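Asks: Sharing a structure with you now.
The values are calculated or read from the model by the stated rules, or taken from the named source; none is laboratory data. Computed from a predicted structure; not experimentally measured. All Cβ positions, glycine included, derive from the backbone under ideal geometry; neighbour counts span all protein chains shown. Surface accessibility is based on the protein's heavy atoms, side chains included, excluding ligands, DNA and RNA. Shrake-Rupley method; radii C 1.70, N 1.55, O 1.52, S 1.80 Å.
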Amino acid sequence: MARILKFDDRTWHNWHFTERDVPIAGRYELHRAVTASLADMRASASAVQDLIGKAFTERRRLRAHGATWSFSAAPSVPGGWPLATGYANQLFALPPSHVDPGFTGDRQGLVLCQTGISVAELNMWLEPRGRSLATTGASNGQTFVGAMSCSTHGSAIDHGAIQSQVRAIQLIPGPDRNLWIEPASRPVTDGRLAAELGATVMRDDRLFAAALVSLGALGVVHAVLVESVPRFLLESHRKRLPAGPELLNAMRSLADADFAASDLPGAAGRRPYFFQSVINDQIDKGFAYVTCGYRCDWDDGHDLDYSIQPKRSPGYNLATVVANLLDAAPGLTPIITKAVLADQLSPINGRVGSWGQSFNFTTPRAGTAGASVATPVDFVHDVRAIFQAALKKVGKAPVAFACRYARKSPGHLAFIRWPQSVIIDIDGLDNNATRQVMAQAIVDLRAAGIPHAEHWGKLNQATATSVRDAYGDDLERWLAARVDLLDREGEYVFGSDWLDRLGLSNRNF
């Protein structure tokens with residue numbers, strides 16, 4: 001039977017150790033039954049409601065989290081109760097008979113995912129059944145709900161972020177409320193699924209748009225309904241190319257003609273499904289490491305071997321050792337950074353895999369750090385120049401800059417906000433110099449007046465002012481939805497120090 005276990009931990013850290021020694025008042029884990037059933041899902045939701053009631057009574061902040069993959073303080077709840085959801089990972093295909101008659105999507109591809117299901121687990125469940133996710137981040141260690149809640153960007157150039165695949169959300173905002181939220185403009189179920197989950201159906205575009213990227217501030221997301229697509233193969237290529245005008249034009253426009261002129265690796269006249277360019281003038285001036293993935297029809301003879309590695313594989317803390325070494329001896333930075341790039345960006349020539357096989361199934365390594373901003377695609381080179389200048393100001397730092405792309409994504413607080421967006425990453429080893437580059441880059445980006453939004457789940461420099469500047473009226477809509485969904489106790493319980501600082505919650509109620 002579903003149950004919640006309590007542990008007397010007094011400190012908490014995230015998976016990357018970018019947040020560590022966070023004081024907490026205890027820790028909880030949500031567990032599923034051995035045998036999957038909707039009855040157990042209902043019992044699980046009831047257990048969550050009981051815990052929320054306890055938090056209301058004791059005036060204790062409660063924060064559900066998945067794999068704690070976020071580099072930022074998004075899952076952190078100082079003085080409160082973290083609720084780990086990763087053991088609550090049931091999956092069910094929605095019968096087409098339960099779909100609303102007016103739904104125009106893929107009725108065969110709807111999947112109910114409990115809150116703790118990881119992207120890797122979802123891939124491995126879907127693909128042998130002939131289905132696939134259309135997009136994910138470039139790693140598979142996150143829980144799907146955690147990635148959705150922080151608006152993790154997709155890695156397919158003509159798709160939105162990960163939440164663009166979500167069609168309904170089971171949200172628990174209080175001890176006496178269990179909601180099944182769908183957009184009124186596109187209802188998806190006929191109500192029977194919600195009834196079996198003990199949930200009340202709410203069809204409301206505004207509340208759905210708020211809950212898609214909730215940052216954990218609207219309650220506990222207990223399940224989502226995901227629309228999958230027929231499975232496909234991705235043919236991947238990577239090559240070191242001159243960063244000449246043709247490639248730079250392609251990075252700024254994503255137009256087919258510019259792609260053709262830039263002679264992308266493996267293109268043969270095809271438009272890439274996945275496109276990434278890593279340009280680091282401090283390491284390899286005048287060249288780019290370009291990765292392209294091309295969507296191909298499924299081959300029934302393809303072997304679905306995922307070869308997942310153990311969570312704590314040998315060398316787990318190597319990145320921390322290297323980061324500490326570079327703090328002590330910064331002169332080694334160019335040598336080590338170039339070696340890391342050479343290892344991570346080695347050539348690929350026509351490797352074929354399913355979507356789930358094409359990205360990293362291993363867990364992250366301690367001692368790494370990442371930051372990301374999204375901006376309109378035509379600003380890509382302006383932002384790259386600002387980031388390179390920030391690195392030059394700081395000096396030697398073990399970082400690399402990468403450009404990936406996605407379409408404008410649903411959700412009031414989706415950070416992919418422009419019709420065609422570029423996401424520019426600063427990734428590196430987590431030491432003082434890396435943190436300084438990340439901070440300086442945002443200072444200079446704001447000074448330049450370039451429209452942008454920072455990734456909620458990565459290290460960022462967000463403030464209440466910058467969040468308001470980035471999201472404008474959408475922020476007001478999200479805040480109004482939060483007031484409508486939560487009572488006064490809930491506004492406090494589902495807040496955190498991080499949300500308070502960003503103006504998204506308030507300690508006083």
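Asks: Failed condition for Ser155, given (1) more than 22 Å from Val48 (Cα to Cα); (2) surrounded by fewer than 22 Cβ atoms within 10 Å (Cβ to Cβ), with all others met?
Replies: (2)
Asks: Do the conditions hold for Gln436, that is, is it without any contact (Cβ under 8 Å) to a residue 60 or more places away in the chain, surrounded by fewer than 21 Cβ atoms within 10 Å (Cβ to Cβ) and not aliphatic (A, V, I, L, M)?
Replies: In short, yes.
Asks: What's the number of the only condition in (1) of a type in the set (Ser, Thr, Tyr); (2) more than 30 Å from Ala371 (Cβ to Cβ); (3) in contact with a strand residue (DSSP E or B) (Cβ under 9 Å, 6 or more places away or on another chain) that Ser118 fails to meet?
Replies: The single condition Ser118 does not satisfy is (2).
Asks: Scan the range 396-413 and report the pairs whose first residue is among the hydroxyl-bearing types (Ser, Thr, Tyr) and whose second residue is assigned to a strand (DSSP E or B), with Cβ atoms within less than 9 Å and a gap of 6+ or a chain change.
Replies: Filtered contacts from the range 396-413: Tyr405/Phe274; Tyr405/Phe275; Tyr405/Gln276; Tyr405/Gln420; Tyr405/Ser421; Tyr405/Val422; Tyr405/Ile423; Ser409/Ser421.
Asks: Of all residues being in a loop (DSSP other than H, G, I, E, B) and among the hydroxyl-bearing types (Ser, Thr, Tyr) in the range 99-123, which is nearest to Ala84 (Cα to Cα)? Just the residue, please.
Replies: Per the criteria, the residue is Thr115.
Asks: Filter the range 174-203 for residues that are among the polar types (S, T, N, Q) and open to solvent by 60 Å² or more (accessible area, probe 1.4 Å) and give the result.
Replies: Ser185, Thr200
Asks: Residue under question is Ser151, and the condition is that it be assigned to a loop (DSSP other than H, G, I, E, B) and free of Cβ contacts under 8 Å to residues at least 60 places away in the same chain; does it hold?
Replies: It is false that Ser151 is assigned to a loop (DSSP other than H, G, I, E, B) and free of Cβ contacts under 8 Å to residues at least 60 places away in the same chain.
Asks: What do you reckon, is Thr35 among the hydroxyl-bearing types (Ser, Thr, Tyr), open to solvent by 60 Å² or more (accessible area, probe 1.4 Å) and within 20 Å of Gln90 (Cα to Cα)?
Replies: Spelling it out, Thr35 is indeed among the hydroxyl-bearing types (Ser, Thr, Tyr), open to solvent by 60 Å² or more (accessible area, probe 1.4 Å) and within 20 Å of Gln90 (Cα to Cα).
Asks: Turning to a different aspect of this structure: When you scan the range 481-500, how many residues do you find that are touching a residue at least 12 places away in the same chain (Cβ under 8 Å) and part of a helix (DSSP H, G or I)?
Replies: Residues in the range 481-500 being touching a residue at least 12 places away in the same chain (Cβ under 8 Å) and part of a helix (DSSP H, G or I): 13 in total.
Asks: Can you go through Ile52, Ile117 and tell me which one is β-branched (Val, Ile, Thr), over 24 Å from the mean Cα position of the chain (by Cα) and closer than 28 Å to Pro175 by Cβ?
Replies: Ile52
Asks: Return the residues of the range 119-140 that are within 29 Å of Ser46 (Cβ to Cβ) and either open to solvent by 20 Å² or more (accessible area, probe 1.4 Å) or out of contact with any helix residue (DSSP H, G or I) (no Cβ under 8 Å at 6 or more places or on another chain) (or both); say none if nothing qualifies.
Replies: Once the filter is applied, which keeps residues that are within 29 Å of Ser46 (Cβ to Cβ) and either open to solvent by 20 Å² or more (accessible area, probe 1.4 Å) or out of contact with any helix residue (DSSP H, G or I) (no Cβ under 8 Å at 6 or more places or on another chain) (or both), the range 119-140 yields Ala120, Glu121, Met124, Trp125, Leu126.
Asks: Still on this structure, please answer the following. For the range 45-68, what are the residues that are assigned to a loop (DSSP other than H, G, I, E, B), open to solvent by 30 Å² or more (accessible area, probe 1.4 Å) and in contact with a strand residue (DSSP E or B) (Cβ under 8 Å, 6 or more places away or on another chain)?
Replies: Arg60, Ala67 - these are the residues of the range 45-68 that are assigned to a loop (DSSP other than H, G, I, E, B), open to solvent by 30 Å² or more (accessible area, probe 1.4 Å) and in contact with a strand residue (DSSP E or B) (Cβ under 8 Å, 6 or more places away or on another chain).
Asks: Give me the pairs: first residue in the range 72-90 and over 17 Å from Asp497 (Cβ atoms) and open to solvent by 30 Å² or more (accessible area, probe 1.4 Å), second residue among the aliphatic types (A, V, I, L, M) and outside any strand (DSSP E or B), beta-carbon distance under 8 Å, and six or more apart or on different chains, which are they?
Replies: Here the result reads Gly86/Ala67; Asn89/Ile117, each pair linking the range 72-90 to a residue that is among the aliphatic types (A, V, I, L, M) and outside any strand (DSSP E or B).
Asks: At negative phi, touching a residue at least 40 places away in the same chain (Cβ under 8 Å) and among the basic types (Lys, Arg): which single residue out of Arg10, Arg61 fits that description?
Replies: So the residue among Arg10, Arg61 that is at negative phi, touching a residue at least 40 places away in the same chain (Cβ under 8 Å) and among the basic types (Lys, Arg) is Arg61.
Asks: Filter the range 275-302 down to the residues that are modelled with pLDDT of 95 or more and open to solvent by 10 Å² or more (accessible area, probe 1.4 Å) and list them by number.
Replies: Scanning the range 275-302 gives Arg295, Cys296, Asp297, Trp298, Asp299, Asp300, Gly301, His302.
Asks: I would also like to ask the following. List the number of the failed condition for Gly457; all other conditions in (1) part of a helix (DSSP H, G or I); (2) under 19 Å from the mean Cα position of the chain (by Cα); (3) of a type in the set (Gly, Ala, Ser) hold.
Replies: (1)
Asks: Output the number of the condition that Phe208 fails; it satisfies all remaining conditions of (1) touching a Pro at 6+ places or on another chain (Cβ under 6 Å); (2) surrounded by fewer than 21 Cβ atoms within 10 Å (Cβ to Cβ).
Replies: Only one criterion in (1) touching a Pro at 6+ places or on another chain (Cβ under 6 Å); (2) surrounded by fewer than 21 Cβ atoms within 10 Å (Cβ to Cβ) is unmet by Phe208, namely (2).
Asks: Strands (runs of 3 or more DSSP E) wholly in the range 192-299 with at least 2 residues that are of a type in the set (Val, Ile, Thr), farther than 30 Å from Gly53 by Cα and within 28 Å of the chain's Cα centre (by Cα) - which ones?
Replies: Once the strands (runs of 3 or more DSSP E) in the range 192-299 are filtered for at least 2 residues that are of a type in the set (Val, Ile, Thr), farther than 30 Å from Gly53 by Cα and within 28 Å of the chain's Cα centre (by Cα), what remains is 287-296.
Asks: Still on this model: Which residue, of Arg252, Arg240, Arg203, is at pLDDT below 95 and more than 30 Å from Asp497 (Cβ to Cβ)?
Replies: Selected residue: Arg240, the only one of Arg252, Arg240, Arg203 that is at pLDDT below 95 and more than 30 Å from Asp497 (Cβ to Cβ).
Every residue, every condition in (1) in contact with a Ser or Thr (Cβ under 8 Å, 6 or more places away or on another chain); (2) farther than 16 Å from Gly219 by Cβ; (3) open to solvent by 40 Å² or more (accessible area, probe 1.4 Å); (4) among the hydrophobic types (A, V, I, L, M, F, W, C), yes or no:
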position: Thr463; (1), (2), (3), (4): no, yes, yes, no
position: Asp469; (1), (2), (3), (4): no, yes, yes, no
position: Val483; (1), (2), (3), (4): no, no, yes, yes
position: Glu491; (1), (2), (3), (4): yes, no, no, no
position: Phe494; (1), (2), (3), (4): yes, no, no, yes
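Asks: For residues that are modelled with pLDDT of 95 or more and open to solvent by 20 Å² or more (accessible area, probe 1.4 Å), scanning just the range 413-428, find the one that is nearest to Thr368 (Cα to Cα).
Replies: Arg417
Asks: Applying the selection to the range 426-454, what residues are part of a loop (DSSP other than H, G, I, E, B) and either touching a helix residue (DSSP H, G or I) at 6+ places or on another chain (Cβ under 9 Å) or on the phi < 0 side of the Ramachandran plot (or both)?
Replies: Residues satisfying the conditions are Asp430, Asn431, Ile450, Pro451, His452.
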